[in-house]
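The values are calculated or read from the model by the stated rules, or taken from the named source; none is laboratory data. Predicted model only: the values in this text are computed from it and were never measured. FYI the Cβ positions are ideal-geometry reconstructions off the backbone, even for glycines, and counts take in every protein chain you see. Just so you know, the surface numbers come from the protein's heavy atoms only, side chains and all, with ligands and any DNA or RNA stripped out. Shrake-Rupley method; radii C 1.70, N 1.55, O 1.52, S 1.80 Å.
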Amino acid sequence: MIQKATVKTVTFHNPENGYSVLRMTDPVSKKPFTAIGRFPKLSPGESLEIEGEWTKHDVFGEQFKAAGYKLLAPDSLEAIERYLGGGVLKGVGPGLAKKLVARFGLETFDVLDNHPERLSEIPRLSGKAKEALLLGWRNNKSMREVLYFLQAYNLSANLSERIYKEYGAQAVTVLRANPYRLAHEMWGVGFLKADEIARKLGFGLDSYERIEAGVEYALGRSAEEGHVFLHREELMNRAQALLQCDPEKIVFTIDGLSDSDASQVRHDGEDRFYLPWLFHGERGIARRAAMLSFSPKPIPAAIIAAAITGAEASFANGRSGGFEYSEQQRGGIRNAVARGLFLLTGGPGTGKTTTVLGILEVFKRAGLRVRLAAPTGRAAKRLSEVTGHPASTIHRLLKYDPSQKKFTHDEIAPLDMDALVVDELSMIDTVLMYGLLKAVKQGTRLILIGDPDQLPSVGPGKVLAEFIRSGCVPHLHLDRIFRQAEESMIVAGAHRIHQGLPPVTLPMPPAGQASMQAPPVPAAGLPAHGHPPGSIHFAPMRDAALGPAMVAELVAEALPRLFGYDPRFDVQVLTPMNQGPLGTLALNQALQERLNPATPISATLEHKDRRYRTRDKVMQLRNNYDKNVFNGDIGYISAVSKASRTVTVDFDGEPVVYEGEELDQLGLAYAVTVHKSQGSEFKAVVMLASRAHWIMLQRNLLYTGITRARERLILAGTEDALRRAVENNPSVNRNTRLAEALRSEMTQYAF
């Protein structure tokens, strides 16, 4: 049934999904009633036509449950007065609203629209107050017109308000011209939602706007899979599967895509198609790398030799037998400081850190200004800890400007430094690498550090692998495991995995056993006197359905009792995926209830499928340049407000407030995916590998997860899953031609 009504009061409104509880008045009977449903943000006095049915709630009694609504202009003196005085216009309260209606009656809106000079008939309505009233009315009117337009096409209240916030009074014009703009201009609105809106607006299956947007969407999805481009046939197949329209029109559209700045797709002249930012990124990396490859002003050999000797003396303190660089490391240090661009790689325990410290000592003695950076906050913090030098994230180093949607430092305003050391190169994708290289001026020494056996970047491309494959970037790969590192089961296990062998593990000690007691049955090849440094323990997990409870027990009880770890700050749970019985969602729910349960005095804020509580461990899920927090940053909730629906997170001493849809960017971090853990290091790691993860299990994922643990690793799962991960070693198949571009550019710059 359809019910006309006027809003009396707004009892509740959820800005995320539009769910509202409204106290309304029937305009005929004048009887009040309660309506529930999804509405835009409404004000008292607004009139609606709501469609739905009457229901009876056990506690709240009779309610009108709305399935849809239509906004109506207030059409009675009482409704107009209530609407104007209900807070919808800034600076207009009940008193002024009463005066306006008393003077102009049912013509009030017409006066505000077409005869604003008549407002002088209201006593003591000053010039500034009148200007504020008219400005507020115009803004409110344009918003209402947009909402009236959008509601006709059954768009949700939440999306309608977001569209208005993005485009303002031009929203209707934008949507009528090309609703597919929403897909690449509004975060969270993909092609499928834009296509749904476009179809309602009358855009046909074969419209040029739809096909171009579909092609762009196909390229965007491929970028999420790690590809920098798609070949013509791949793009055709993906676009046809998505669009389900005339294939000839898809061919015509793809062939007609130009390299103009207006186009959202680039064609390289052969059979490869790119999104513009990936097209320019791949070529830009090669060009800038070639420019940097020229040898900078040389550092005297005496300074280099003295720095190496000084570094060795520094490392020798407290070590029996002293310390000496290997010949490979010595040659690497000399080569690195002599080059404009140098790549240093190696696995755990191979001496990357001591080699980097030698390089930094050379730079220090040569008087060079040096900066250190890494892709994530935790990786930067770790780099700073192991080197003793300040380090920042790449984003903070380059100073992203949200208003311009670009980094402040680029080729026009380069970084002012003499040398830059960047760690965790495997995590850096094509776009970030291009942004970094643009900001490094020629003559600066750039040292890139990485582990080629780790997972590739989450974003498109495989920069580290392509730098190595090109064969033209000066490169040292450290492959000798040093004696002290060999004593760590974690280091030894990582190298066994690299060789295609399973890591050697210890059984979990019984619950009452002290931390350094010998295991009941020492594993083959291990000392019988106790747990060696960097121990790996195996915890069998037979039933995936019981896994979350078992993991919660390990983290909350066993590890603190056996080894003295703080379950929130020292222990990190890693898993291959988000979904499933042993994904991050299920694990975080179990861990939150065990480590930070709700109490009568604690506030819990519910947002979609998540619950946030004070003291919760959380992770930033995407870059937010306005808040200066980035994908993978881990923090702890310091405050929750149910009244304002806000959450305050402490990121290493910096409070950051989240409200409304911003909470989508915040996930619980008691358990995270292996991908999200890259660049981080934790005292203790519980890593899951079971049949529930079968499709995701592969060697580089297991290797990456294991190398996140500094002191202790618990492998929880099944032996067949571990074997699967070790034996499954597929090559990383991503469409990229960075290696070829590097060779081409390096050849040109060589002459």
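Taking residues in the range 172-194 that are among the polar types (S, T, N, Q), and partners anywhere that are open to solvent by 40 Å² or more (accessible area, probe 1.4 Å), the pairs with Cβ atoms closer than 8 Å and at least 6 places apart or on different chains are 178/209. Looking only at residues in the range 23-61 that are among the polar types (S, T, N, Q), free of Cβ contacts under 8 Å to residues at least 24 places away in the same chain and in contact with a Lys or Arg (Cβ under 8 Å, 6 or more places away or on another chain), which one is nearest to residue 12 (Cα to Cα)? Once the filter is applied, the top-ranked residue is 25.
Among the residues of the range 221-278, the ones that are part of a helix (DSSP H, G or I), out of contact with any helix residue (DSSP H, G or I) (no Cβ under 8 Å at 6 or more places or on another chain) and closer than 19 Å to residue 178 by Cα come to 1 in all. A residue that is at pLDDT 95 or above, open to solvent by less than 20 Å² (accessible area, probe 1.4 Å) and under 20 Å from residue 293 (Cα atoms) occurs somewhere in the range 410-417.
Residue by residue, here is whether (1) open to solvent by less than 10 Å² (accessible area, probe 1.4 Å); (2) without any contact (Cβ under 8 Å) to a residue 40 or more places away in the chain; (3) within 30 Å of residue 456 (Cα to Cα) holds:
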site: 201; (1), (2), (3): no, no, no
site: 215; (1), (2), (3): yes, no, yes
site: 219; (1), (2), (3): yes, no, yes
site: 228; (1), (2), (3): yes, no, yes
site: 231; (1), (2), (3): no, no, yes
site: 241; (1), (2), (3): no, yes, yes
site: 249; (1), (2), (3): no, no, no
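Screening residue 41 against (1) open to solvent by 90 Å² or more (accessible area, probe 1.4 Å); (2) closer than 27 Å to residue 663 by Cα; (3) at pLDDT 80 or above leaves a single unmet condition, (3).
Applying the criterion of being under 30 Å from the mean Cα position of the chain (by Cα) and within 16 Å of residue 592 (Cβ to Cβ) to the residues of the range 551-565, the residue that is most open to solvent (accessible area, probe 1.4 Å) is 553. Could you check the range 444-466 and list, in sequence order, the residues that are out of contact with any Ser or Thr (no Cβ under 9 Å at 6 or more places or on another chain) and farther than 21 Å from residue 357 by Cα? Listed by number, the list holds a single entry, 458. When 103, 144 are screened for being touching a residue at least 60 places away in the same chain (Cβ under 8 Å) and either polar (S, T, N, Q) or assigned to a helix (DSSP H, G or I) (or both), only 144 passes. For the range 420-436, does any single residue satisfy the condition of being within 18 Å of residue 289 (Cβ to Cβ), small (Gly, Ala, Ser) and either modelled with pLDDT under 95 or within 23 Å of the chain's Cα centre (by Cα) (or both)? Yes, the conditions are met somewhere in the range 420-436.
Yes or no: residue 738 at pLDDT 95 or above, among the hydrophobic types (A, V, I, L, M, F, W, C) and touching a Leu at 6+ places or on another chain (Cβ under 9 Å)? If you could, list the steps in order and put the result at the bottom.
Values: at pLDDT 95 or above: yes; among the hydrophobic types (A, V, I, L, M, F, W, C): yes; touching a Leu at 6+ places or on another chain (Cβ under 9 Å): no.
It is false that residue 738 is at pLDDT 95 or above, among the hydrophobic types (A, V, I, L, M, F, W, C) and touching a Leu at 6+ places or on another chain (Cβ under 9 Å).
Screening residue 739 against (1) free of Cβ contacts under 8 Å to residues at least 60 places away in the same chain; (2) in contact with a Gly (Cβ under 9 Å, 6 or more places away or on another chain); (3) in a helix (DSSP H, G or I) leaves a single unmet condition, (1).
For the range 310-320, check the following and say yes or no: at least one residue is surrounded by fewer than 19 Cβ atoms within 10 Å (Cβ to Cβ), more than 39 Å from the chain's Cα centre (by Cα), free of Cβ contacts under 8 Å to residues at least 60 places away in the same chain and closer than 30 Å to residue 454 by Cα.
At the first step, the residues of the range 310-320 found to be surrounded by fewer than 19 Cβ atoms within 10 Å (Cβ to Cβ) are 310, 312-320.
Among the residues that remain, those that are also more than 39 Å from the chain's Cα centre (by Cα) are: 310, 312-314, 316-320.
Narrowing the set further to residues that are free of Cβ contacts under 8 Å to residues at least 60 places away in the same chain leaves 310, 312-314, 316-320.
From the residues that got through so far, the ones that are closer than 30 Å to residue 454 by Cα too are 312.
The answer is yes; a qualifying residue exists.
Per the listing 4, 65, the residue uniquely part of a strand (DSSP E or B) and more than 28 Å from residue 97 (Cβ to Cβ) is 65.
Just a yes or no: is a residue in the range 47-57 more than 21 Å from residue 164 (Cβ to Cβ), open to solvent by 40 Å² or more (accessible area, probe 1.4 Å) and in a helix (DSSP H, G or I)? No, every residue in the range 47-57 fails to be more than 21 Å from residue 164 (Cβ to Cβ), open to solvent by 40 Å² or more (accessible area, probe 1.4 Å) and in a helix (DSSP H, G or I). So for the range 176-189 (the condition being open to solvent by 40 Å² or more (accessible area, probe 1.4 Å), of a type outside the set (Lys, Arg), part of a helix (DSSP H, G or I) and under 19 Å from residue 661 (Cβ atoms)), does at least one residue qualify? Looking through the range 176-189, at least one residue is open to solvent by 40 Å² or more (accessible area, probe 1.4 Å), of a type outside the set (Lys, Arg), part of a helix (DSSP H, G or I) and under 19 Å from residue 661 (Cβ atoms).
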